[in-house]
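*Asks:* This is the structure I have questions about; it appears just below.
The values are calculated or read from the model by the stated rules, or taken from the named source; none is laboratory data. In this text the structure is predicted, and so the values were computed from the model without any measurement. Virtual Cβ from ideal backbone geometry, glycine too; neighbours counted across all protein chains shown.
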Amino acid sequence: MWNVISQRSMLIREPNEVRILRLVRDHKEISRVEIAKKCNLNKAYVTELVAKLIKTGFLEETGKVEINGKVGRKRTLLRFLPLAGLVAGVDVGMTHATIILCDLNAALLQSTTFHYALETTPQEVFKKVQESIQHILQLSGHPQSKLVGIGIGVQGLINYATNSLTVSHNKKSWEGESMSAELEKTFKVPIYVENDVKTMALGEYLLGVAKGVKNFVYLYIGDGLGAGIMINGHMHRGFTSSAGEIGYTELEPASHYKEICPMLYNGQIIFGQILTDANIVESFKRHSKLSEDVVVTPQIVAGEAEKGNSIAIKIIDECATLLSILSINLINTLNPEMIILGGKFSQCCPQISNLIREKIHKDLLSIPVEAVQVKSASFGDDSVAKGAASVVLFEMFEPLHTFSVYSPRTNFFSEV
């Protein structure tokens, strides 16, 4: 069963084991008969697979029985045991790494954070990540053998075959360097490296506000601007894995944006320069005529708007205008059910969701914009780490993929 779980993404396992495991997990308690009906499987075959899952510690009988009012034998109920396996999620930021340990229901067990200098090599960072995972495993009281996968979220474009960065403006010296080699040697479990915004989108899909929503776009404002796109329950990465890099959309013509965004516009060329935490803060300081040494954060700008500060209110309205322009294009192109706003600014400024909703409803193509929901993300500072853990769980439990971008990486584990 450990091979079944660890090789989830390459489909080298008994698929019905995973189907049953996911069904029991999602239903909390369910009988073998109901499993057979819902999976359209032979009852004897289900009994055989359930016995295997009980033996390997993933399922247990609850001691309860299902009574449906019909004549016949009572049905013993089963439940999923989330502590049968553990997953680690790693957020590799510009100067920090956060590592979390979760059970198979994504319940947080332990977490830790360490900081490093900008020039630190990936080898040094991931040596520390390895030590941190071992440390929180020890703190959790669970053996390393329970670890079934590690997810890593990092800024940039990913080469999924090598678990390396192909392009990263914040970590140029890391490009081409493996981010999983040492971890693979130590833990011998599948390791999934993913763009940080895409991990956040997967976190919202499995655990957050987009749970059960198959088509949505996650918009993130932070050091830059990016999007995670889910289509029919699958992460859309694109031909070069660069889908969602909307921050590179040009601001044309410049005179138009100078007119509609006089507070935020200061000669920027692309959306990823104007819609950032740094520009929001700098714009507030510039128009408030504050000195450079005055500390301002996105939270402070949002707080000032709450107090009625006209400059902060205008900045928030301009952010909503720019985001609505992007959202309308995404809605008319992708027809999502939901737009999710992530990042510190949207977390501390919940009114921006309502502003965007009002603005996009003025679009000429009324049906898709009236149907779309605009919501703030569920997770804050730990969103990348939770999302990275979600990448592992997605590969393990979601409906079968016809293709997984991680297949070349997990081929390694069939030989271990």
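*Asks:* Could you pull out every one of the helices (runs of 4 or more DSSP H) wholly within segment 1-65 that has 3 or more residues that are among the β-branched types (Val, Ile, Thr) and at pLDDT 90 or above?
*Replies:* Details: elements: 2-6, 15-27, 32-39, 43-55.
Hits in segment 1-65: 43-55.
*Asks:* Go through (1) in the same structural domain as residue 322 (by TED's automatic domain parsing); (2) farther than 21 Å from residue 382 by Cβ; (3) of a type in the set (A, V, I, L, M, F, W, C) and name the single condition residue 165 misses.
*Replies:* The number of the failed condition is (1).
*Asks:* Let me ask another. If residue 278 passes every condition in (1) in contact (Cβ under 8 Å) with a residue 40 or more places away in the chain; (2) assigned to a helix (DSSP H, G or I); (3) in contact with a helix residue (DSSP H, G or I) (Cβ under 8 Å, 6 or more places away or on another chain); (4) farther than 26 Å from residue 371 by Cβ but one, which one does it miss?
*Replies:* For residue 278, the failing item is (3).
*Asks:* In addition: Starting from residues that are without any contact (Cβ under 8 Å) to a residue 12 or more places away in the chain and among the small types (Gly, Ala, Ser), keep the ones in segment 99-150 and report whichever is surrounded by the most Cβ atoms within 10 Å (Cβ to Cβ).
*Replies:* Across segment 99-150, the extreme among qualifying residues is 145.
*Asks:* Residues 336, 262: which one is assigned to a loop (DSSP other than H, G, I, E, B) and within 20 Å of residue 373 (Cα to Cα)? Write out each step before concluding.
*Replies:* Details: 262 fails: within 20 Å of residue 373 (Cα to Cα).
None of the other options fit; the residue is 336.
*Asks:* What number goes with the only condition from (1) assigned to a helix (DSSP H, G or I); (2) closer than 30 Å to residue 177 by Cβ that residue 117 does not pass?
*Replies:* Unmet for residue 117, out of (1) assigned to a helix (DSSP H, G or I); (2) closer than 30 Å to residue 177 by Cβ: (1).
*Asks:* Please state which of the following conditions residue 354 fails to meet, knowing it meets all the rest: (1) exposed (fewer than 12 other Cβ atoms within 10 Å of the Cβ); (2) in contact with a helix residue (DSSP H, G or I) (Cβ under 9 Å, 6 or more places away or on another chain); (3) not in a helix (DSSP H, G or I).
*Replies:* (3)
*Asks:* Quick check: anything in segment 223-237 without any contact (Cβ under 8 Å) to a residue 12 or more places away in the chain and either under 23 Å from residue 94 (Cα atoms) or assigned by TED's automatic domain parsing to the domain that holds residue 328 (or both)?
*Replies:* Yes: one or more hits.
*Asks:* Please enumerate the residues belonging to segment 156-202 that are in contact (Cβ under 8 Å) with a residue 40 or more places away in the chain, under 14 Å from residue 245 (Cα atoms) and small (Gly, Ala, Ser).
*Replies:* Correct list: 201 only.
*Asks:* Do we find a residue being at pLDDT below 90 and under 19 Å from residue 233 (Cβ atoms) anywhere in segment 341-363?
*Replies:* no
*Asks:* Does segment 207-225 contain at least one residue that is part of a helix (DSSP H, G or I), within 21 Å of the chain's Cα centre (by Cα) and closer than 30 Å to residue 144 by Cα? Walk me through it before giving the result.
*Replies:* Going through segment 207-225, the residues part of a helix (DSSP H, G or I) turn out to be 207.
Right, trim to within 21 Å of the chain's Cα centre (by Cα) and you get 207.
From the residues that got through so far, the ones that are closer than 30 Å to residue 144 by Cα too are 207.
There is at least one residue in segment 207-225 that is part of a helix (DSSP H, G or I), within 21 Å of the chain's Cα centre (by Cα) and closer than 30 Å to residue 144 by Cα.
*Asks:* Considering 212, 153, which residue is without any contact (Cβ under 8 Å) to a residue 12 or more places away in the chain, among the small types (Gly, Ala, Ser) and closer than 17 Å to residue 395 by Cα?
*Replies:* Residue meeting the stated conditions: 212.
*Asks:* Since residue 273 meets every condition but one in (1) over 30 Å from residue 144 (Cβ atoms); (2) part of a loop (DSSP other than H, G, I, E, B), which condition does it not meet?
*Replies:* (2)
*Asks:* Inspect all residues belonging to segment 263-270 and state whether any of them is among the aromatic types (Phe, Trp, Tyr) and touching a Lys or Arg at 6+ places or on another chain (Cβ under 7 Å).
*Replies:* First, pick out the residues of segment 263-270 that are among the aromatic types (Phe, Trp, Tyr): 265.
Okay, now just the ones that are also touching a Lys or Arg at 6+ places or on another chain (Cβ under 7 Å), so 265.
Yes - at least one qualifying residue is present in segment 263-270.
*Asks:* A further question on this structure: Can you find, within segment 310-354, the residue that is farthest from the chain's Cα centre (by Cα) among those that are charged (D, E, K, R) and farther than 21 Å from residue 384 by Cβ? Before you say what the answer is, go through the steps one by one.
*Replies:* Our first condition is that a residue be charged (D, E, K, R); within segment 310-354, this holds for 314, 317-318, 337, 344.
Within this subset, residues satisfying the condition of being farther than 21 Å from residue 384 by Cβ are 314, 317-318, 337.
Working: 314: 31, 317: 27, 318: 27, 337: 17 Å.
Checking each candidate, the answer is 314.
*Asks:* Hey, another quick one. Any idea which residue in segment 70-98 is surrounded by the fewest Cβ atoms within 10 Å (Cβ to Cβ), counting only those that are among the polar types (S, T, N, Q) and in a strand (DSSP E or B)?
*Replies:* Here is the first cut: in segment 70-98, the ones among the polar types (S, T, N, Q) are 76, 95, 98.
This time we only want the ones that are in a strand (DSSP E or B), so: 76, 98.
On the way: 76: 15, 98: 21.
Across segment 70-98, the extreme among qualifying residues is 76.
*Asks:* Hey, can you tell me all the residues within segment 87-105 that are at pLDDT 95 or above and among the hydrophobic types (A, V, I, L, M, F, W, C)?
*Replies:* Within segment 87-105, 87, 88, 90, 92, 97, 99, 100, 101, 102 qualify.
*Asks:* So which of 283, 241 ends up being more than 20 Å from residue 337 (Cα to Cα) and part of a helix (DSSP H, G or I)?
*Replies:* Working: 241 fails: part of a helix (DSSP H, G or I).
Going through 283, 241 in turn, the sole match is 283.
*Asks:* I've got another one for you. Can you find a residue that is over 30 Å from residue 174 (Cβ atoms) and among the acidic types (Asp, Glu) anywhere in segment 102-125?
*Replies:* From segment 102-125, those over 30 Å from residue 174 (Cβ atoms) are 103-105, 107; that's our starting set.
With among the acidic types (Asp, Glu) added as a condition, the list becomes 103.
Taking every residue of segment 102-125 in turn, at least one turns out to be over 30 Å from residue 174 (Cβ atoms) and among the acidic types (Asp, Glu).
*Asks:* What number of residues within segment 376-392 satisfy the criterion of being part of a helix (DSSP H, G or I) and out of contact with any Leu (no Cβ under 6 Å at 6 or more places or on another chain)?
*Replies:* At the first step, the residues of segment 376-392 found to be part of a helix (DSSP H, G or I) are 383-392.
Those still in the list that are out of contact with any Leu (no Cβ under 6 Å at 6 or more places or on another chain) too: 383-386, 388-389, 392.
The qualifying residues number 7.
*Asks:* Another question, then. At least 1 residues that are in contact with a Leu (Cβ under 9 Å, 6 or more places away or on another chain) and closer than 26 Å to residue 108 by Cα in each: list the strands (runs of 3 or more DSSP E) lying fully within segment 135-201 that qualify. Please lay out each step first, then the result.
*Replies:* Working: elements: 147-154, 157-159, 164-167, 191-195.
Ranges flagged: 147-154, 191-195.
*Asks:* Another one. If I filter segment 346-368 for residues that are of a type outside the set (Val, Ile, Thr), touching a Leu at 6+ places or on another chain (Cβ under 9 Å) and in contact (Cβ under 8 Å) with a residue 60 or more places away in the chain, do I get at least one hit?
*Replies:* Yes - at least one qualifying residue is present in segment 346-368.
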